[in-house]
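Have a look at the structure below, then the notes.
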Amino acid sequence: MTPPPLLLTVNGRPRPLEGVPASERLIDTIRWRLGLKGTKDGCRTGDCGACTVLVDGVSTLSCLTLTHEVEGSSLSTIEGMAEDPVGRAVQEAFDRAGALQCGYCTPGFVVALVGLLRERGRAASVDELLADLGGNLCRCTGYLSIARAVALLQKEAP
Amino acid sequence: MSSLTFVTPASVDAAIAELRTGEPGEVAVLAGGTALLFALEGAKAAPRRVVSLRRLPWRTVDWNGPVLTVGSTLPLRSLERDPELATRHPGLFEAIRAVGSVQLRHRATLGGNLGRASPASDLIPVLLALDAEVEMVGPTGARSLPVDRFVLGSRRTALAPGELIRAVRFPEPRPSAYRWQRVRPANDISQIAVAAAFSPSAGSWRLAVGGIPPRGVRVPEAEAMLLSSRPTEAEIRGAAERAARHLTIATDRRASEEYRRHLVETLIERAVRAVVESPKGGR
Amino acid sequence: MIARPRPDGRAKLEGSTVFGADLDVPGMLWAALVPSPVAHGRLRSVDLSPVRALKGVVAVGAADLDALLPGSKRDPDRPIFPTNTVVYRNQPVAAVAAPTRELAHEAARAVRVDVEPLPVVSDLEEVFPEWPGSNAESSAHVAAHVRAREGDIEAVFRAAETVVRETYRTSSVHQVALEPHACLAEVKDGTWRVRTSTQTPFGTREDVASLLGVPEESVVVEGTWVGGGFGGKGAALLEPFALLLAKASGRPVRLAHGYREEFLLGRTTLPAVIRMETAVTSGRIVGRRVRLLLDVGTSLPGRDFATGYSIGFLLGPYRTPAFEIEGYAVRTNKPPFGPHRAPLAPQCAFVLESHIDHVAREAGVDPLAFRAAHLWKEGDTTPMGQPVGPFGLSAVFEKARAVAARWRAEVGPDSGVGVAVGFWSTGTGAGGEVRLRLSPTDLTVIQGEREIGSGSVLAGVASVAARSTGLPRDRISVAYEDTSRAPFDSGVFGSRTTAVLGRAVEDATRSLFDELAKRIGGAGPVRLVVDSGEIAAEQGATRRPVRALSNESERAGGGIVASGRHYGKAGSIDERKVEAGTFYPYTDFTGAAHVAEVKVDRATGTVRVTRYAAFQDVGTVIDPATAYAQVEGGVVMGLGTALTEEALWSEDGRLLNASLLDYRIPTLGEIPPIEVTLVEGFPGAGPYGAKGLGEPPIIPVPAAIAVAVRDATGAHVTELPLSSERVARALKLL
């Protein structure tokens, strides 16, 4: 049975997709069909957060999501973060704080943080934000520079 | 796996009809999908059809006087962020915060967690302590069961073929607390977890222990030793010891039997004290 | 604490950095490995015919190697696919490739593997429940044996006031870089080309060539950006399989691990049992005996570096007049032991520091004073007879002691403070080379290492170049070339990168300046300056723009090129003390002293680190931002080793917790505030006296925490990790 066509809006652009099998995961659609490799393939079991994307503005583990389940949704990936003032502010804060090393966890952190700011408000407290980032693993930085980036980000929140 | 089909029924009746076709194990229900995809990735499940519940009207939180009814496909994070939850059901709030990560809770649902009936579920002990009722709907109509008659064992529930969990109903706000022990505080599952609640209407306690296969259970022998809303230290210690002795516990790679018994005792004491000392507790 | 944007920061923040698993080329096939279903067995047959019947699927097994590798000289001790016996669970017995990921997994499952199970040895204590007898060396289970001594230890023990004997057990831990191994291979016109996530492009090239039995020049390794290595990406792993499939299919082949495979096939630190015996008279150590049993999985005999190197960290950095150390590398049915960050050193420091702390208490001496009285200083001789070079250990130790005293005075109930030390040696590998290319506007360091995350390549090497040439940092970049074009370097491991490549940069700078001097034709030293946006060379009163000093082919080719190299040498030990095996000298002496403050939940045994201070003996700070980042990252990794990380093996050789849920690395919410202090002044083997900083910061962490737990509660835990259950047992709660 041919799967129905599927419409996703990806980083603001409509992307109709044909022939996406029902078993396909969002992470694979994003990376291999849409060619957007910035979303990282880490554990595929929902434990590391590297695959985090925004589905209708809500942070989601793309490795645990079937693509057909989000048919019709608006998807934001790391590639779209620079087109958004909050996304840019997060990237700027991480850059200035040197809050990355190998960079593999970085897209997941940026997108998760943008999602949190949408959810809790741009002026959310640093403690609240850090408490909600437990789903993103990092092995290189020891998280301290990431915490400093969040503090820098919120110190300069409008 | 590439022969999998995906359907998104637009109504409850259509969803029930989808479930009735196919052999057991061939049809999988998709609420949040986090547990399902985890099982698919590990090749532990191989359904032929996935029935998505996304179009059903069950993403609801309904406060009706004292009664809270939570739709089964509401993402846990939405429930967590409901402004009333932390004050009216603090134990439930604490338990939800213990589940996975924010990203996971954006998709994971109460219905999915209950339906999966994992022995490690952080929510089932609290549901037991709150005397929650599971509302189901199926080919023969609607029915409901208390949680302890809904969860039958490890990954086994009382859902009949074609039935879906529609909602979970919490009859009354209770001072409650959830205490757990894990290897790390975030993004983990509990070695032992305890939910304690005091029922104002019944004037009695509920103590439920999770993390022990096959399923979370209440410990009525221990509950009976707490004689009022402000139990004495001796009563609390007695209840905790009783529960630790009474439960059937095995050693596994996450913790030994002796350590788990010790944790049951410690966490029951802590959970009860937390309830007593909470703003609405001890009255 | 100094933060600054990284040269690779923007691209990584935008998600445009390409890692191995991101590579995607037309016609690419997806590969999967066929795993052995048992940990030990006689391989009767591997039947690829069900797979070959599938459309578009290619399969390679042991029987295909002669045809794929005609005339090759493959190493018989390291077959690509086993032919007789499988020796660890999931050992690849064949490999398949197909047009999609799903088909590849289906094909791998379709291969029929017939194995007759044999008894599995999963636990080294099954092999040696007690310390082995003298004929153990010839046992098939022993991969390596090392032994050294000084003096008559039995006599010393008999005469001593106190002898303290303890046994410790440490667990297997994984590197857990967030990026799994991944590569893309292509074979064309006799060239075996692979793009891969590796810490060692040249090492991987050598490995691949030796495994395939082909000349090194026919192998080209192009490193991709690496999502963390920590020792786990320091040798070929997936590349040979991908290359064979590429040869068999004529197509590019992608082979990447999922996270489960990352654990199941990971080569890493395995369990150890360590017996420590220390004799004390009048508050001084008079003799020590150290016995190490190290599980090395299926490491080949003679190919074991771990035991001979690691055992030194059980002895030093403490002076002892008499000693006996002996180690056995024990084979079990697990993948081979592989390097982790400071391989086995955090475990050794945990054992040594916990033991020394315990010995001091038994001898009635203040533990910190006891340490101070025995720490190596410059001019001492190590037990293995090597002179101790400039060593800042005492300096960092005294700072740590001062902080510990302050914290102890403030500490609340069930809280404690612990100090622990560690030492390391800046690595060398064989050595490294670079080229410098000076254009009219900038300087490029051309070299063969990819940035694996720490910044040692992009920032560290660039900082040395800035210092050696005098040019501003923003005029300097570090460029990567693959093994067919880059000058040789041993790899990013062993805390050697900034040190060795940095010294090579210094050498190349000298050579560049000599060349510039020749072209200017004056007398005296050359300087580089930036003048109206362009670089010029000055000698005395003469200033000539680089543009003018360059010839036509240099102007076309990007600039004036100069080469430099550094092949360091470690010191030497006194071989007369060695009775068996190989011991290793140190290149320099890098110290670290850490302070941990912990709060212990006395009812559950849960340990929380509430604050932490790390004092590092760094020689010279080359790039401050990179240095602080390394220490912070290393400390948090050590936190995992200390408290939550433990790979669990079943009796039949199965890794039970092969997932990021069940193998727990620290999360953001668990980390304490960490104060980092970099202490300069005790020069090491790197440029300007720098010491390598990749590994030292992880070493004292489990030790500091264990000593703090004892300070808080009296509980003396002799196993790693300090899980809440182990602490609960040590507190006699169960």
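The values are calculated or read from the model by the stated rules, or taken from the named source; none is laboratory data. As the structure is a prediction and not an experimental result, all values here were calculated from the model. Using ideal geometry, Cβ is built from the backbone for each residue, glycine included, and neighbour counts are taken over all protein chains shown.
The single condition among (1) closer than 26 Å to A:PHE109 by Cβ; (2) in contact with a Lys or Arg (Cβ under 7 Å, 6 or more places away or on another chain); (3) at the interface with chain A (Cβ under 10 Å from one of its Cβ atoms) that B:THR8 does not satisfy is (1). Any residue at all in the range B:262-281 that is crowded, with 21+ Cβ neighbours inside 10 Å, modelled with pLDDT under 95 and either in contact with a Ser or Thr (Cβ under 7 Å, 6 or more places away or on another chain) or more than 9 Å from chain C (Cβ to nearest Cβ) (or both)? Scanning the range B:262-281, I find at least one residue that is crowded, with 21+ Cβ neighbours inside 10 Å, modelled with pLDDT under 95 and either in contact with a Ser or Thr (Cβ under 7 Å, 6 or more places away or on another chain) or more than 9 Å from chain C (Cβ to nearest Cβ) (or both), so the answer is yes.
From the list C:ILE622, C:ILE665, C:ILE674, the lone residue that is away from chain A (no Cβ under 14 Å) and under 24 Å from A:ALA99 (Cβ atoms) is C:ILE622.
Across the range A:1-18, which residue is nearest to the other protein chains (Cβ to nearest Cβ) among those that are part of a loop (DSSP other than H, G, I, E, B) and not hydrophobic (A, V, I, L, M, F, W, C)?
As a first pass, look at the range A:1-18 and keep what is part of a loop (DSSP other than H, G, I, E, B): A:1-5, A:11-12, A:18.
When the remaining residues are screened for being not hydrophobic (A, V, I, L, M, F, W, C), the result is A:2-5, A:11-12, A:18.
Numbers: A:THR2: 10, A:PRO3: 7, A:PRO4: 9, A:PRO5: 13, A:ASN11: 11, A:GLY12: 16, A:GLU18: 15 Å.
In this case the residue turns out to be A:PRO3.
Out of all the residues in the range C:460-493, which are under 20 Å from C:ALA625 (Cα atoms) and under 22 Å from the mean Cα position of the chain (by Cα)? Selection gives C:GLY460, C:VAL461, C:VAL492, C:PHE493.
Find the residue count for the range C:5-55, including only residues that are among the basic types (Lys, Arg), within 13 Å of another protein chain (Cβ to nearest Cβ) and free of Cβ contacts under 8 Å to residues at least 40 places away in the same chain.
Of the range C:5-55, the ones among the basic types (Lys, Arg) are C:6, C:10, C:12, C:42, C:44, C:52, C:55.
Filter again for within 13 Å of another protein chain (Cβ to nearest Cβ), leaving C:6, C:10, C:12.
Applying the additional criterion that residues be free of Cβ contacts under 8 Å to residues at least 40 places away in the same chain yields C:10, C:12.
Going through the range C:5-55 one residue at a time, the tally reaches 2.
Against the test of being assigned to a helix (DSSP H, G or I) and either more than 10 Å from chain A (Cβ to nearest Cβ) or touching a residue at least 12 places away in the same chain (Cβ under 8 Å) (or both), the options B:ALA28, B:ALA39 yield a single qualifying residue, B:ALA39.
Does C:GLY638 satisfy the criteria of being buried (at least 23 other Cβ atoms within 10 Å of the Cβ), of a type outside the set (Ser, Thr, Tyr) and touching a Lys or Arg at 6+ places or on another chain (Cβ under 7 Å)? No: the conditions fail for C:GLY638. Among the conditions (1) within 12 Å of chain C (Cβ to nearest Cβ); (2) touching a Gly at 6+ places or on another chain (Cβ under 8 Å); (3) of a type outside the set (Asp, Glu); (4) surrounded by fewer than 24 Cβ atoms within 10 Å (Cβ to Cβ), A:PHE109 misses just one, which is (4). Given the conditions (1) within 21 Å of C:GLY412 (Cβ to Cβ); (2) in the same structural domain as C:LEU501 (by TED's automatic domain parsing), report the number of the one that C:VAL595 does not fulfil. Failing condition for C:VAL595: (2).
Would you mind listing the strands (runs of 3 or more DSSP E) fully within the range C:93-170 where at least 2 residues are of a type outside the set (S, T, N, Q) and either within 25 Å of C:ALA63 (Cα to Cα) or without any contact (Cβ under 8 Å) to a residue 40 or more places away in the chain (or both)?
On the way: elements: C:112-117, C:142-150, C:162-170.
Hits in the range C:93-170: C:112-117.
Within the range A:130-145, the presence of a residue that is part of a helix (DSSP H, G or I), hydroxyl-bearing (Ser, Thr, Tyr) and more than 8 Å from every other protein chain (Cβ to nearest Cβ) is excluded. Taking the criterion of being part of a strand (DSSP E or B) and surrounded by fewer than 24 Cβ atoms within 10 Å (Cβ to Cβ), would at least one residue in the range B:110-129 satisfy it? Among the residues of the range B:110-129, not one is part of a strand (DSSP E or B) and surrounded by fewer than 24 Cβ atoms within 10 Å (Cβ to Cβ), which makes the answer no.
Just to be sure, is A:CYS102 touching a residue at least 40 places away in the same chain (Cβ under 8 Å) and under 23 Å from C:SER197 (Cα atoms)? Break it down stepwise before answering.
Numbers: touching a residue at least 40 places away in the same chain (Cβ under 8 Å): no; under 23 Å from C:SER197 (Cα atoms): yes.
Here the answer is no, as A:CYS102 does not meet what is asked.
Only residues that are within 19 Å of C:ARG74 (Cβ to Cβ) and within 14 Å of another protein chain (Cβ to nearest Cβ) were counted in the range C:184-232, giving 0. Just one of the listed residues (C:THR441, C:THR483, C:THR509) is among the β-branched types (Val, Ile, Thr), surrounded by fewer than 19 Cβ atoms within 10 Å (Cβ to Cβ) and either modelled with pLDDT of 95 or more or not assigned by TED's automatic domain parsing to the domain that holds C:VAL194 (or both), and it is C:THR441.
B:ILE96 falls short on exactly one of the conditions (1) assigned to a helix (DSSP H, G or I); (2) without any contact (Cβ under 8 Å) to a residue 24 or more places away in the chain, and that condition is (2). Considering B:VAL61, B:VAL70, the condition of being surrounded by fewer than 20 Cβ atoms within 10 Å (Cβ to Cβ), more than 21 Å from A:THR65 (Cα to Cα) and in contact with a Leu (Cβ under 7 Å, 6 or more places away or on another chain) is satisfied by B:VAL61 alone. The condition (being within 14 Å of chain A (Cβ to nearest Cβ), modelled with pLDDT under 95 and farther than 30 Å from C:GLU326 by Cβ) is satisfied by just one residue among C:GLU179, C:GLU106: C:GLU106.
Output the residue which, of all residues in the range B:250-260 that are at pLDDT 95 or above and either under 21 Å from the mean Cα position of the chain (by Cα) or acidic (Asp, Glu) (or both), is farthest from B:VAL217 (Cα to Cα). Looking at residues that are at pLDDT 95 or above and either under 21 Å from the mean Cα position of the chain (by Cα) or acidic (Asp, Glu) (or both), I get B:GLU258.
In this structure, A:GLY46 qualifies as of a type outside the set (Ser, Thr, Tyr) and either in contact (Cβ under 8 Å) with a residue 40 or more places away in the chain or surrounded by 23 or more Cβ atoms within 10 Å (Cβ to Cβ) (or both). Name every residue in the range B:253-278 that is of a type outside the set (Ser, Thr, Tyr) and free of Cβ contacts under 8 Å to residues at least 24 places away in the same chain, in order of residue number. B:ARG253, B:GLU257, B:GLU258, B:ARG261, B:HIS262, B:GLU277, listed by residue number. Looking across the range B:125-153, the residues that are in contact with an Asp or Glu (Cβ under 9 Å, 6 or more places away or on another chain) and farther than 19 Å from B:VAL209 by Cα come down to B:MET136, B:VAL137, B:GLY138, B:PRO139, B:THR140, B:ALA142, B:ARG143, B:SER144, B:LEU145. Screening C:GLY379 against (1) surrounded by fewer than 18 Cβ atoms within 10 Å (Cβ to Cβ); (2) at pLDDT below 95 leaves a single unmet condition, (2).
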